[in-house]
Amino acid sequence: NMTFKQSAYDKKDFLSILTDKQREMMTAAYRYGYYDIPKRISSEELSKKVKISKPTLIEHLRKAERRILTEILAGSPEMNR
């Protein structure tokens, strides 16, 4: 006998849940290697490339990361305890 269980994780286009500015900053951060290990670019250098202040860049990235993590973890049993 074989049984099937519904997956708790549904593939989703996570970029669609971000604001335009968050999406733009996340894409630039990824493209320039901000998320590489080791990083290929610092937040200061990245902020200059995208022509916004470093605090504003960091705020956009953190809010975007938070939205994506919230979506990923929403169905997680650990988050529903």
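The values are calculated or read from the model by the stated rules, or taken from the named source; none is laboratory data. From a predicted model like this one, the values you see are computed outputs, not experimental measurements. Glycine also receives a Cβ, built like all others from the backbone with ideal geometry; neighbour counts cover every protein chain displayed. Keep in mind that these areas ignore ligands, DNA and RNA; they rest on the heavy atoms of the full protein, side chains included. Shrake-Rupley method; radii C 1.70, N 1.55, O 1.52, S 1.80 Å.
Here are a few things to note about the model shown:
- The 1.4 Å probe gives accessible areas that order 48, 39, largest first, as 48, 39.
- Across the protein chains, with a 1.4 Å probe defining accessible surface, the residues 30, 35 rank 30, 35 from largest area downward.
- Per-selection Rg to Rh, the stretch 14-59 - Cα, Kirkwood hydrodynamic radius: 0.96
- Applying 1/(1 + (r/R0)^6) with r as the Cβ-Cβ distance of residue 40 and residue 65 and R0 = 25 angstrom yields a FRET efficiency of 0.85.
- Per-residue 3J(HN,Hα) values for the stretch 65-74, derived from phi via the Karplus relation 6.51 cos²θ - 1.76 cosθ + 1.60 with θ = phi - 60°, read 4, 4, 4, 5, 5, 4, 5, 5, 8, 4 Hz in sequence order (x marks Gly and Pro).
- Accessible surface comparison of 24, 71, probe 1.4 Å, protein chains only, largest first: the order is 24, 71.
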